[in-house]
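Written below as structure tokens is the structure these notes are about.
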Amino acid sequence: MPIVVNLDVVMAKRKISLSELASKIDITLANLSILKNNKAKAIRFSTLEALCKALDCQPGELLEYVEDE
């Protein structure tokens, strides 16, 4: 998949756990885990906004385009 979610990298930099982030942005642990593990097919702008607010980051820090080989 050409879009990579770097949520795990940003979370590590911010020293925040999956469960703590899930409770901050009011999303299930399962859905956040899907995002973190690059298994998501889509993301809502409202979720992206909540992640950026909670992690104090920009969308470009969470999402990256990687061309298929």
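Only the coordinates and a few stated rules stand behind these numbers; no lab work does. Please read these numbers as outputs of a predicted model, since none were measured by experiment. Cβ sites come from the backbone with ideal geometry, for glycine too, and all protein chains shown count toward neighbours.
Please state the relative contact order of the chain as a whole percent: Cα pairs under 8 Å, 6+ residues apart? Once normalised by length, the contact order is 55 percent.
Only lysines eight or more places from K24 in sequence, or on another chain, were considered; those with a Cα closer than 19 Å are K13, K15, K36, K53.
Matching the structure-derived percent of Cα pairs over 17 Å apart against the labelled list [x] 56; [y] 35; [z] 45 gives the label [y]. Between E67 and E20, the C-beta separation translates, for a Förster distance of 25 Å, into a calculated FRET efficiency of about 0.15.
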